[in-house]
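Shown next, in structure tokens, is the structure this report addresses.
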Amino acid sequence: MLEIDYPTQFGELIQSTDCDIELPVEWTDFFEERGEITAYAEDARNNRRLRIRTYGLMWFERTLPFCKRSTDPVVVYTRDFSRIGAGILVPFQVFPEEQLRLILPTFWVQLHVVRARRITSKCYEIGTKLMGRHDPGPEAFDFQNAFNAVQ
């Protein structure tokens, strides 16, 4: 059996998927920002967060009963990562308790949505808790079966 070339498949899939995110005008340097995020006194987080900005592909592994979601992948932007979670930007509203699969250029993760905030009409900041981190492999792209398994 032929092994898939994860970077090639990721690149082809992301190139063939439209990106609908509209960043705020003030965020012109979004992809240039990198590094540790400085904590502030009222911040309840216990883990250090790092700004890591890249493109990714997301789809739903589990949705809420009132949300009918597409099985098609969606282009997202990563915002930050910590040891136990990630922040991403998506083009539409996502709700706490939904579960996502996020494919990145070098690995993929399963995430549980814990927080959502509207930035613009086509940009929502989503805070997630890490459920699983996986090395590159063909199962990362099996989004149709992952979605159907939890419906």
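Kindly state, to the nearest 0.05, the FRET efficiency for residue 50 paired with residue 120, given R0 = 30 Å and r defined as their beta-carbon distance. Efficiency computed from Cβ-Cβ geometry: 0.80. Taken along the Cα-to-beta-carbon direction at a fixed 7 Å, the label points for residue 20 and residue 106 span 3.1 nm. Taking label points 7 Å from Cα along the Cα-to-Cβ direction, residue 66 and residue 130 give a separation of 3.3 nm.
One decimal place: the segment residue 28-residue 5 gains 5.0 nm when fully extended, by the rule 0.36 nm per residue minus the C-alpha distance.
We did not get these values from a lab; they are worked out from the coordinates using the rules stated. As the structure is a prediction and not an experimental result, all values here were calculated from the model. Neighbour counts are summed over all protein chains in view; Cβ atoms, including those assigned to glycine, are modelled from backbone coordinates with ideal geometry.
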